[in-house]
Amino acid sequence: MTSIITGDIINSKESNPKNWLNALKGVLNNCGNEPKQWEIYRGDSFQLEIKPENALETGILIKATIKQFKNTDVRIAIGIGDKIYTSEKITEANGTAFVNSGECFEQLKKNTLAIKSPFTAFDIQINIMLELAQLTMNNWTATTAKLVKAALENPDLNQKELAKHFNKTQGNISQGLKRSGFDEILKMIHYYNSQIKTVC
């Protein structure tokens with residue numbers, strides 16, 4: 001089993017691509033090699049292959065990365081399944097993970113983050129959680145998104161160390177993480193990870 005993240009940037013034309021493109025590439029490079037594991041195509045769309053247990057956290061990290069730039073957001077569909085054809089380019093590979101990701105992406109309307117797997121009960125449960133989480137995540141400010149990104153990328157840093165990193169007080173960091181729903185998001189990621197291990 002593998003997972004495929006398909007995404008595109010919202011309001012990409014209204015923002016300087018140099019900003020979000022370099023930041024997005026930074027995240028994708030940490031996940032694998034281009035173009036075997038990830039590829040950016042049509043200027044503002046991308047595809048990434050990643051282990052199912054890392055897919056949700058990576059999707060949220062990508063969202064935080066893009067939302068740190070004013071007026072930009074990202075649509076993300078996570079497809080879970082198999083991979084029956086491997087190519088030098090991830091966009092030319094195939095399998096149910098790719099089909100699920102593509103179908104999930106086409107169904108994104110009001111939501112900006114959803115999952116489709118071969119397991120219907122799992123999908124229903126996790127997508128309800130994601131819809132609730134998006135009530136907060138879709139409203140992250142650029143400052144909040146930067147904080148979430150740093151906290152996800154540096155899980156060993158405590159609030160005091162994050163405060164030093166951002167040159168802010170620990171109180172500011174605590175309030176910022178609270179506003180972002182960070183603790184609840186971490187709980188959702190941990191729940192997803194525990195469930196994905198049982199179904200995959």
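The values are calculated or read from the model by the stated rules, or taken from the named source; none is laboratory data. Remember, it's a predicted structure, so these values are computed and weren't measured experimentally. Using ideal geometry, Cβ is built from the backbone for each residue, glycine included, and neighbour counts are taken over all protein chains shown. The protein model used for the area step is the full one, side chains on, heavy atoms only, and it has no ligands, DNA or RNA in it. Shrake-Rupley method; radii C 1.70, N 1.55, O 1.52, S 1.80 Å.
How many residues, within the stretch 116-138, are of a type in the set (F, W, Y) and under 21 Å from I66 (Cβ atoms)?
0
Determine which member of the set I40, I4, I66, I60 is part of a strand (DSSP E or B) and either in contact with a His (Cβ under 6 Å, 6 or more places away or on another chain) or surrounded by 21 or more Cβ atoms within 10 Å (Cβ to Cβ) (or both).
I4
Kindly indicate whether any position in the stretch 160-181 is surrounded by 16 or more Cβ atoms within 10 Å (Cβ to Cβ), assigned to a helix (DSSP H, G or I), aliphatic (A, V, I, L, M) and free of Cβ contacts under 8 Å to residues at least 12 places away in the same chain.
Yes, the stretch 160-181 contains at least one residue that is surrounded by 16 or more Cβ atoms within 10 Å (Cβ to Cβ), assigned to a helix (DSSP H, G or I), aliphatic (A, V, I, L, M) and free of Cβ contacts under 8 Å to residues at least 12 places away in the same chain.
Taking N111 as meeting all but one of (1) in contact (Cβ under 8 Å) with a residue 40 or more places away in the chain; (2) open to solvent by 10 Å² or more (accessible area, probe 1.4 Å), write down the number of the exception.
(1)
Give the stretch 7-23 a look and list any residue that's in a helix (DSSP H, G or I) and either in contact with a strand residue (DSSP E or B) (Cβ under 7 Å, 6 or more places away or on another chain) or of a type in the set (K, R) (or both), or say none.
Within the stretch 7-23, K13, K18, W20 qualify.
What about E34, is it assigned to a strand (DSSP E or B), more than 14 Å from the chain's Cα centre (by Cα) and farther than 21 Å from K70 by Cβ?
No, not satisfied.
So which residues in the stretch 112-151 are in a loop (DSSP other than H, G, I, E, B) and under 17 Å from G81 (Cβ atoms), if there are any at all?
S117, P118, F119
So which residues in the stretch 83-97 are in contact with a strand residue (DSSP E or B) (Cβ under 7 Å, 6 or more places away or on another chain) and either assigned to a strand (DSSP E or B) or open to solvent by 20 Å² or more (accessible area, probe 1.4 Å) (or both), if there are any at all?
Selection gives K83, I84, Y85, K89, T91, N94, T96.
Tally up the residues in the stretch 139-154 that are out of contact with any Leu (no Cβ under 9 Å at 6 or more places or on another chain) and surrounded by fewer than 16 Cβ atoms within 10 Å (Cβ to Cβ), please.
Final tally of qualifying residues: 4.
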